[in-house]
Structure formats: structure tokens, C-alpha cells
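Comments concern the structure below.
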Amino acid sequence: MDQASIIIIMVVIVALPVVMTPVLMYICRISDRLRNGLAILTAAATFILTLLLYPFIRDGGVVQQSLFEILPNLEISIHLDILSFSLAALASFIWLLCTIYSIDYMAKEHACSRYYPVLIFTLGACQGIFFAGDLFSLFVFFELMSIIAYILIIHEQTEEALKAGYKYLVMTIIGGLALFFGIIIVFEIGGTVSLGVGVIIGEPSLLALIAFICFLIGFGMKAGMFPLHVWLPDAHPVAPSPASALLSGVMLKTGAYGLIRVVFHVYSVDLLRSSGWNNILAILAVITILLGSAVALTQTDIKRRLAYSSISQLGYVLLGLSILNNNALTGAVFHIFSHAFMKSALFLAAGAIIWKTGIRNINDMKGLGRLMPVTMGSFSLAALAMIGIPPLNGFLSKWTLALGALDAGMPGYVMVLLISSLLNALYYLPIIIPAFFESPEGEEINDHGDEGSHEVLFKIKEATPLMLSAIVILALCTIFFGLTPNNIIFSLSRLTALFLLGGGSF
Amino acid sequence: MFAAAPELLSDLSRVYYSSLPLWITLLPLLTGIGLYFVKNSAETLRKVVSLLASLAVLVGVMLLLPMVLSGTVKYDLIDFMQMGLFFEVDLVGWIFAFLIAFIWSLATLFSFAYMDFEHNRRRYYSVLIFTLGATLGVVLAGDFFTLFLFFEMMTLSSFILVIHEQNREAMQAGILYLYLGIAGGLALLFAIMMLYSATGTVNIVPVLEDLGANRTLIYIMFLIGFGVKAGLVPLHIWLPQAHPVAPSPASALLSGIMIKAGAYGIFRVSLILFTSPGEIGAADASYLFNVGSVLMWIGIITMLSGAIMALLQSNMKRILAYSSVSQIGYIATGLGAAVFMGTEGAMGFAGAIYHIINHAFFKAGLFMMVGTIYLYTHELELSKLGGMFKKMPLVGITFIIAAFGIAGIPGFNGYPSKTLIHDALLIAIKFNDLFSIELAEKIFTLTSALTICYFIKLFRGVFLGPVPEKLDREYKLALSIKAVLTTFAAIIVAIGLFPNFILERFLVPPAEFLKYEGYAMDHLYHFNFFEWHPVEAMLVVIILAVVIYLPGAYRNWFSWQPPPWLSIYALLYRPLTHRLMILTCKAGLILDSSVDNAYNQSGSAARNMCDYVGNIDHGLDSFYHKWGLIGSKLAERSRDMDQKLDGFYQRSGQAARKLADKSADMDSALDKAYQKTGKAAQNLAKQSSDLDKAINVVYDQAGKKTRDEVEKRLAGKQEKHDKAESDKWSTKNLSFDNLLLVLVLGIVLFIIFYFGRSS
């Protein structure tokens, strides 16, 4: 494919969901079924179009193209490299599954005619972030996505949801302002904010440090980095489950993505290493990991527990990024994928449980494994991957991250990862074990097990096939991308790391 | 001297490439998953498939034997999980694999009768066969990465075996097992990562020199990782809880086989990883001496405390579980001795591996015997049992044989391995005359005596004495159970009677391969288990046991229950985990909530500031408002005034209008008056004109008369005159003007004539 058609495809990927948004709004009035189908179709088309870029990426292609100029030297432009492609493919894949899942999940909910257009619009904005060719375009799409996602968060419109949404909005605006400030400083120092020029800031200066901190605030807020994570445990639990899955699985990653871009395209690796600014990120990441895990232990609401877990897991990504070597970066990028699969599966499974039974408290989940074996089985698989049990993908990312830390001579980071794994075990296993091996309400198990009666219950209680399919696909991804010898995602991650560290070539 | 017994020397250096290890591992894993989908009702199918799977594994392991007797079998699955799956089977690994496959088959057979009374058999058989694959994977693994993979799998799947009963006790024990297993697994992972980062390989090869400064940390982490599984004190606490609650065949496997996976790991780390490929330097040798001493002392403490705890138990399976802890102590002691003796460590190595083999047989057998008793009586407490020898003589006899085995009575299988470990300690004393090793040897003897004591206690409690009334009935053992128990007894006796077979065939070649030499190796070639010296040591043990047991039983020492606070769980684990847990959670919560608070507070501060600014704004507003009020009042007033003015104007306007009206009235009146006077004047004028006319008429008439008169007179005169004038021009008619004109003309003419002539 030549460059021109690649650019057209990229523009279509971003524009299609955005254009479909008003269409969906209109269709809502005509038919619900048509709206659902169209939403899935849009997400699927976006995913397929993104995959079309793969041959180009495989050959090491990079695109940097200015679309139109807003001010002198300030333009809306697009950029495609292996990192953009990886994340865009991941995002559209998870989006597709969550949209499929939404069909049945949201059937009971109100205001679907608001939900679907917003869902699809955020997809477009999210793809826009990954395809943005300069910090300014990135900022525009980043803000678009963040602000529109507010509507997803407050969907329930309960007092709690509105409160959480308000918190989210305030934090988003603070982050956005910090980001904006950072971009202005970069523009002031380097005269450009394009991602295509390699390194914009090569010399350490106070202003550069301030810009770096601004970026940390702006993107770190989105990624749930300590101490900017406070919105996350409030916002994720109140959103509808598919939206939580997207928030946790994909939208948090935009923050990590932004930081990767900042580290490798704005500053140079050498600059960060020599000035030691990456240690700021590392320290915050370590605190984030331990804090998230420790607080998750104390939560009894399943979605809150998952939300704190997300904080901790994003800490892994940031830690991997801060170490700045090949293995660690591979691990960080691979963990973006791993966590997207695991956490989306967990949120969707938790959503199915809540949808079907209304149980949110983990102490009430005893015996659920027998009633919803597929849902709970997928949940367990994803949770075991979270703990880092081989041969699941979570193990592979932790292994690679730890090797990176050891390459950098930091066994302390490995300890942090392992302690966090242990804490993961401590807060996931008390959900899984009682679900499978205890019976609800203290009822003793019949010694001669009349499993027949359970099977009747099982048929009643499992969620719908559409919802299950999304959960199961994600759970299978956690096995497949851990076990398979020909691990395409791991290869992508490794190539991405090589690409970024090699300054734009493999 | 070193070249003695050349007929035993065999070359183990050949390498075979075969995928057999992979299939041996994969078969039970896949069968296990498949078994879960067998219907609940298809009981026979499930049993047959399970047994066939374990037998197939056994056959597969036997097929490996010719290869491992002359070398190692390797298989590499590149790129699996990015690190590759690597199998490597040597003779020691094969011994473990054989033990696993063989005892697993027996346990599967034993399960047929045992599990018929249990619930959830589908899950049990599925997990049982799956765990077989995972456990085999551990010992067939060629590198630590692969080993870790299967190790974790084994931990998770055996957890399901432990909690099979799913009652409160089982759940608690299982969860303790799982958490410790995962914690151990993470320690192991840490060690493996450090190893990889230091040496660039995870293969199980001698790398002591490359390990660098972190080698002690690596060793400790390995020891914790494998020690949890093996049940080394103080990491053993899960074991006495988890083994008794599992179904008996599973307990047999847990105690007989799975704790050996831990021992296997310790063996690989201590005797292969922590050695050098070549000569070991003096510094490294003293380092290894320390490492080995630590390992040996852990073993000694483990064996003693395990034996004491076993003696104090009253539950059959708990006695056996603590006994397992104690026996693992023997194995660790042997390994420790092998490490610190360096090249002289052959005796410790052989003893440890031999004891692993023996313990697998007698402990698995014992658990199944006790399981048989439990199966038919549903009692585990010694106080509620008794007289079973009469009721189940076969179980009684096989139990005695197994107990003799574990006690180390000559002629039974525990004797040769204990003798080898004991000899390893004696040789150690010979080479390094240290008090600590002598003390260790004494404790070893004491522990062996205690072992005999708790087995006497167990045997008396279960098999002797009166039969409780409740249990006084006929028992008919299932055929499979009889077969299994008899097999165990036969093997125990066979090994006991021909101890040199295993030693020469399976232990000496790997010892040579590990480059053991010197006195100990020489000793091992010619070892005769039935000479006076080792038998004497055993007699000492037996006498000591009698000396301890008789007063102990008389004074009821062995029913003393240690207070709960004395347990290692209460002393170490509970406070530690409790504190740590609380600390972690609290620290996390405090940090999280303080961040949240900070935001809230800064938010409320900002809100306050906004309020303040708002107040100022409000003040300004009210200021404006006040002035506005005044202004509006002023405006009101001016409006009032305006209105008044307006009214005034209006009024004055009205007045003016009235005035105007009146003046208009007056005007019109005046007008009328004028008009009237005008009329009057007109009348007057008319009258006067009438008068005038009348006068005029009068005058006219008077004038006419006069004029007539005059005319009459003039007419006469005129007639005369007109006649005169019209007849002649006369001077009288010549006017003066005409005269003047004529005169002037004449003069002009004169002048013209006069001057014209003269010129």
C-alpha cells in the first residue's frame, strides 16, 4: 500500500466513528436493533481498517503527514508507527468486544440513545489520540475523549455517579491544563510539537523540567498515577460495566501512550537518563503499584477492587517505561496489552455477575462459580493472569519487566513487582476460591453431591451468549498470548521497544 | 583406589534428543482436562481413563530408562512463552519421574475404592491426573523457567486436591497452602530472575562463579521457594494442616511425592547450580561449606521438631504429616552434608536421594493404610480407634512393614538410606572435627528414636487394644486396596533386603557424574549395609526409643498438648502476616485517603477562597446596590419633581388654554362687535353714500340745469368762432413755440448759406 492510501485509511479510522455518532443519534429514534447493529458495525469496521495497516507496519513503515495548519507551525497532523498501530488495534479490538457486550447489558438500562453515540464517538477520539502526529493534535483528541467519556461515567445519573463524574471532570481539566502548558513550553523551546522530528528538547533546562512535570501531571492523571489517581476508584465503579472495561482497559492506556511519546519523541532517552528525571516517574510508579495493591485489599465492592487493581497495574507500565531499557520497555508495552485483556475480562465478568445477580460485595460471591461457571471461570483465568501465574500473559509481562529491572541493576523493582503480585493473589484469590469451593449462605455441601440440581441453576443463571462471548474471548486471549510460541503481540511489543529505543528504526 | 569397582562405572555423558518427556508431561495434562468433561454418571469410563493415563505415563517413563542409563534426554520447544520449554532428563530426574508415575498409578487405583464414598469425583479425577502431569513436568524440566512453570501449575492444581472436602477445616488449610505456595513461588521466581540476570541462562548447570555478589540472596530465595513445598521448618506450617484434610490417596501423593518436588529443587540448586564446572576454589569451597552447614542445620531442626510434633499428635493423619516434615529433614540433612563436604559429599547425596525414594514408598503406603482405616471407620482420632489388627489384619501387617521401613529397622527400606545419611555425618565428623556436626549426629540418633516412638504410639492406638463398640463389625476390604497395600509392603521389603541394587544401579552413576571422589565415593562403592557398624547404630536407636517410649507412655507424656500460643504459627506467622497485612493495608489506605483528603482540602480551600472573593464581590455588589438605591431614590424624586413640573405645566397649560379660550371668546366678541360696528359703519356709510348720492343727484340736477344753460350759451358763441378759425391762417392761431422753432430754423439756414458761399 502506498503512503497516500495509508493516510486515507487513517483518516477514515478516526473519522468514521465520529461521523457515525450523529447517524446513531438519528437512528436511535427509528429502531433500537438498527442502532445496535450499526454501533457494532462501526466498531468492527474500525478494527478491520486498523488491521489493514498491519502489512505496512510489518515492513517498518512510518507515516508523518500534516493535514491542515491552524496557526503557523501548529497543525493537525497524523503519525503512524508501530506503537500507534499496536495501541490502535488493541483499542478497537477491546471496543468491539465491549460494544458487543453492551447490546445485552444495556438493554435493561435507560438512555441508550445517549450511550451508544457517546461510546462510538470516544472510539474515534481514542483512535485520534493514537494517530495524532503532533502534541497539539494529540492534546485535542485527548481532551475530546476525556470530556466525552464523562458522559459514560455518569450514565447511571445517581448521586454517586454524578459526584464521581464531577471529580473526574475536575481532574481532567486540571490534567488538560497542565498538558497544554507543557505543550506550550515545548513549542517555546523547540519551535515545533511534531512527533516526526525525533527529539525536540535535547538540553536539560529548568523550563524543560517544568514541561516534563506538566506532562507527568497531564498524562499521569489519565493513567491513574499517584497522586493523581483519586478520580479512578470513584469513576470506574459507577460507570456501566462495558464502559468501566473500556476506561480501565483502553482509556487509561492513552495516558501511558502519551508518556511514551513524551519520553521518546520530546525528550531523548539520554537526556532523561543523564538528568535522572526518569526517576521521578519511577518513584511515582513504585508508589502507585504498592498503593493500588494495598488499597485494593481493603475494598469489598468488586468493581472498586478492580479499579484499585488497575491503578497498580498501570504502575507496572509506568515503571517499565521509567527504566528505559529494551526488556523493560518491551514488558511495559506488552503489559499494556496484557492488562487490557485481563482487566477488560475482569470488568466484563464482574458486570455479568452484577447484571445477573446484583451482587457487588465480594463476600456474597460464595458459590457463584457453580452458578455461572463460564463467567467465573473467565474471571479466574484473568485474575490468575493478574497474579502472574504462568503460562498466562500476565506472567510473561512481569517476567519481561523484571528482566528489564535486573538489566538496569534494580533488583528492588523486582521485589516491588513480586510483592505486588503477592498482594494481587491476596485480593483476587478470596474472590475466586469461595466462588468455586464454598457454598452460598453457609449451606454445607451434600456429601454425595447432587450436582444435578446445580446444573438446573446453572442454566438459569449464566449471562447471555453475547455477553459471554466477549468475556470468553478476552479470557482466552490471556492464555493464548501467554502460551503461544508465535506470540504476535509479544513480537510487536519487542519491535516497538526496539523502534523507540533505536530512535525510529528497528 | 579411586578406580575401584570399574564394572559400575558407566558413562552418562551421551545426549539423546527425544520428545518423549514432552509427551509424558502433556498426556496427563490433557487427559486431566478431558476428564472434567466426562459425565458424572460415567464412573467406569472415568476410572479406566484415569488408570490408563497413569499407566501410560509409567510406560513412557520406563521407555526413558535405557536412555538415561547412558546419558541424558533432551527436548527443546523453542519460543514457548518466549523463553522456550526445555526438558532434560538425567538419571536422578528419572528416579523422581519413576517414583511419581509409579506411586501415582497406585494412588489412582487406591482412589477407586476410596473415592466411591466421596462427592465431586469428576473434579477429583480430573485434577488428580492433571497434577500428575504438572509434577512430572517439574522433575523432567531442563531449566528453571520450565520447572517454575510446572511448579506453579502443581501448586494450583494440588490446592484443589487439598480442599476436596470443602469443609471449613479443609478450606482454611487449603488457603494457607495456596498462599504459602504462591509466596514461595514468587520467591522462586525472584531467584530465577536473579539467576538469569546474573548468568544469562536459566539452565540447571554449575554457575557458582558467575553468580556474583547476590549469590547468597539467590540461594536463600531458592531455599524459600522450594522449602515451602518441601515443608522445611519454619515454612512447613501448611503441611500438617493440608495433608490430613485431603482425601487419603491425595494425602499419600502430597506427602509421598509432591513435597519431593521441593526436595528435588533443593537438590538441583544445591548440588548442581551452586557448584563449579571445574575445580572449586578455596574461597568458594568455604562458602559452600557455610551454605551446606546452614542447609544441614535446617534439616536437623526440621527432623527434630517434626518428630516431636508427630509424637504429640492424636490424629492419625497429622502424625503422618508431621512425620513427613521430619523425614524431609533427613533429606535436607543429607543434601546439606553433600554440599559442605564438597567433592567428598557422595554419601550425603546418595543418602538423600535414597531416602527420597524410600520415603515415597513408605509414606505413600502409610497414608493409604491409614486412609483404608478411615474409609471403613470414618475415624481419625487415635482415642476412638483400636483393635483394628484383628479386624483388618492385612492393613495391620502392611502397616508394620511400612513402620519398620520408616523406623529404619534393618531389612526394611528406611534402613539403608538412614544409614547412608548417618554415615555422611560420621564422615563429616571424620573430616572436620566440629562440635556442631557431632551435635547434629546426636540429634539425628535422637530423632530416629523418636520416630520409632511415634510409630509405636500410632500402631498401639490404631491396631492394638480393645475394639470400640461402634466399630465392632466385619470389614471387607476392596480388592484394589488389598493389591495396592500389598504392593507397597512388597517393595519396602524388597528394597530393605537388597539395598545395594538401587545404590549401585541408580545412585552411584550420578554420583560419579557429579564428580564425587575420594574416601566417601570409595566407601560408597563397597558399602555393605549388613555389617556390624551400621546395624549397631540402629540398635542404639532402638534402645534409645525404648528408653524414651516406656516412661513416656507410662506418664502420658505423649498426650501433652502444646498450648496454642507455642505453635510456630502463633509465634511467627500470625503476628507477622497480621502485622504486615495491617501495615500494608493501613499504609495504603492512609496514603490513599490522605491524597484524597489533600485534594478535598485543597478543593475546599479553593472553595473558601472563592467564597471570600465571592464575599468581596457581594460587598461590592451591595455597595453598588446601596448606591443604586440612592440613585434610584434620587431618580424617583426627580421623577416626582418632573411629574410635578409636568403637572404644573399641564395646569398652566390648561390655564393658558382657558385664557386662550376666553381671549378667543373675547376676540370673537370683539370681532362681533367690530362686525357690528362695521355693519353700523357700513350702514352709516351707506346712509351717507345715499345722502351723498342724493346730494349728488341734487348737484347733478343743479349742474345739468346750469350746464344746459351754459351749453346753450356756449353753443351760440362756438358756432361763430368755429366759422372764423377754419377759413384763414392767422397769427392769432400761431403759438409761441412754433414761432421759436421757425426762428431757430431760419438762423440755421442762414448760417449754412452764408458760410457755404464764402468757402
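The values are calculated or read from the model by the stated rules, or taken from the named source; none is laboratory data. Computed from a predicted structure; not experimentally measured. FYI the Cβ positions are ideal-geometry reconstructions off the backbone, even for glycines, and counts take in every protein chain you see.
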_Against the conditions (1) of a type in the set (Ser, Thr, Tyr); (2) more than 25 Å from A:Ala463 (Cα to Cα); (3) at pLDDT 90 or above, where does A:Thr42 fall short? Just the number, please._
(2)
*Output the number of residues of the stretch A:297-310 satisfying the condition of being more than 9 Å from chain B (Cβ to nearest Cβ) and either assigned to a helix (DSSP H, G or I) or farther than 16 Å from A:Ile362 by Cβ (or both).*
8
*Taking the options B:Ile257, B:Ile266, B:Ile272, B:Ile298, name whichever one is modelled with pLDDT under 85 and assigned to a helix (DSSP H, G or I).*
B:Ile272
*Just for the stretch B:78-97: of the residues that are closer than 30 Å to A:Gly482 by Cα and over 29 Å from the mean Cα position of the chain (by Cα), which one is nearest to the other protein chains (Cβ to nearest Cβ)?*
B:Phe87
_Any residue at all in the stretch B:699-717 that's at pLDDT below 80, of a type in the set (D, E, K, R), exposed (fewer than 10 other Cβ atoms within 10 Å of the Cβ) and in a helix (DSSP H, G or I)?_
yes
_Of all residues making up the stretch B:335-351, the number that are surrounded by fewer than 24 Cβ atoms within 10 Å (Cβ to Cβ) and touching a Leu at 6+ places or on another chain (Cβ under 7 Å)_ = 1
_Given (1) surrounded by fewer than 21 Cβ atoms within 10 Å (Cβ to Cβ); (2) within 14 Å of chain B (Cβ to nearest Cβ), identify the lone condition not met by A:Gly175._
(1)
*Determine whether the stretch B:352-363 contains at least one residue that is touching a strand residue (DSSP E or B) at 6+ places or on another chain (Cβ under 7 Å), surrounded by fewer than 24 Cβ atoms within 10 Å (Cβ to Cβ), within 28 Å of B:Phe412 (Cα to Cα) and hydrophobic (A, V, I, L, M, F, W, C).*
no
*Residue check for B:Val202: under 28 Å from B:Leu99 (Cβ atoms), modelled with pLDDT of 90 or more and either surrounded by fewer than 21 Cβ atoms within 10 Å (Cβ to Cβ) or touching a Phe, Trp or Tyr at 6+ places or on another chain (Cβ under 9 Å) (or both)*: no
*Residue that is at pLDDT 90 or above, within 14 Å of chain A (Cβ to nearest Cβ) and out of contact with any Asp or Glu (no Cβ under 8 Å at 6 or more places or on another chain), where the choices are B:Thr31, B:Thr25*: B:Thr25
*Specify which of the listed residues (B:Leu253, B:Leu232, B:Leu195, B:Leu189) is surrounded by 24 or more Cβ atoms within 10 Å (Cβ to Cβ), within 13 Å of chain A (Cβ to nearest Cβ) and in contact (Cβ under 8 Å) with a residue 60 or more places away in the chain.*
B:Leu195
*Filter the stretch B:536-558 for residues that are surrounded by 14 or more Cβ atoms within 10 Å (Cβ to Cβ) and either under 30 Å from B:Pro510 (Cα atoms) or of a type in the set (Ser, Thr, Tyr) (or both) and give the result.*
B:Ala537, B:Met538, B:Tyr549
*asked:* Yes or no: the stretch A:437-449 includes at least one residue that is in a helix (DSSP H, G or I), in contact with a helix residue (DSSP H, G or I) (Cβ under 7 Å, 6 or more places away or on another chain) and modelled with pLDDT of 55 or more.
replied: yes
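Select, from B:Ile429, B:Ile400, the only residue that is free of Cβ contacts under 8 Å to residues at least 24 places away in the same chain and either in contact with a Gly (Cβ under 7 Å, 6 or more places away or on another chain) or assigned to a helix (DSSP H, G or I) (or both).
Result of the check over B:Ile429, B:Ile400: B:Ile429.
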_For the structure I just gave you, tell me whether B:Ser638 is within 30 Å of A:Pro227 (Cβ to Cβ) and surrounded by 11 or more Cβ atoms within 10 Å (Cβ to Cβ)._
no
*Residue ranges of helices (runs of 4 or more DSSP H) in the stretch B:86-164 with at least 1 members basic (Lys, Arg)*: B:121-140
*For the stretch B:220-229, how many residues are crowded, with 24+ Cβ neighbours inside 10 Å and touching a helix residue (DSSP H, G or I) at 6+ places or on another chain (Cβ under 6 Å)?*
6
*Report yes if some residue within the stretch B:101-117 is more than 21 Å from B:Lys260 (Cα to Cα) and in contact with a Gly (Cβ under 9 Å, 6 or more places away or on another chain); otherwise report no.*
yes
*Which one is modelled with the lowest pLDDT, of the residues in the stretch B:12-22 that are surrounded by 11 or more Cβ atoms within 10 Å (Cβ to Cβ) and outside any strand (DSSP E or B)?*
B:Leu12
*Hey, among the residues in the stretch A:396-412 that are more than 8 Å from chain B (Cβ to nearest Cβ) and more than 11 Å from A:Gly320 (Cβ to Cβ), which one's farthest from the chain's Cα centre (by Cα)?*
A:Gly409
*Give me the pairs: first residue in the stretch A:271-296 and within 14 Å of chain B (Cβ to nearest Cβ), second residue surrounded by 19 or more Cβ atoms within 10 Å (Cβ to Cβ) and outside any helix (DSSP H, G or I), beta-carbon distance under 6 Å, and six or more apart or on different chains, which are they?*
A:Leu284/A:Met225; A:Leu284/A:Phe226; A:Ile287/A:Phe226; A:Thr288/A:Met225; A:Thr288/A:Phe226; A:Leu291/A:Phe226
*Is one or more of the residues making up the stretch A:96-117 crowded, with 24+ Cβ neighbours inside 10 Å, in contact (Cβ under 8 Å) with a residue 12 or more places away in the chain, part of a loop (DSSP other than H, G, I, E, B) and touching a helix residue (DSSP H, G or I) at 6+ places or on another chain (Cβ under 8 Å)?*
no
_Tell me yes or no: at least one residue of the stretch B:107-118 is closer than 23 Å to B:Ile204 by Cβ, within 14 Å of chain A (Cβ to nearest Cβ), in contact (Cβ under 8 Å) with a residue 40 or more places away in the chain and out of contact with any Cys (no Cβ under 8 Å at 6 or more places or on another chain)._
no
*Hey, among the residues in the stretch A:1-54 that are more than 23 Å from A:Phe93 (Cβ to Cβ), free of Cβ contacts under 8 Å to residues at least 24 places away in the same chain and not basic (Lys, Arg), which one's surrounded by the most Cβ atoms within 10 Å (Cβ to Cβ)?*
A:Ile27
*Out of curiosity, is A:Val230 in contact with an Asp or Glu (Cβ under 7 Å, 6 or more places away or on another chain) and within 12 Å of chain B (Cβ to nearest Cβ)?*
yes
*Looking at B:Ile78, is it buried (at least 19 other Cβ atoms within 10 Å of the Cβ) and within 27 Å of B:Phe148 (Cα to Cα)?*
no
_Filter result for B:Phe145 (within 14 Å of another protein chain (Cβ to nearest Cβ), under 23 Å from A:Leu429 (Cα atoms) and under 23 Å from the mean Cα position of the chain (by Cα))_ = no
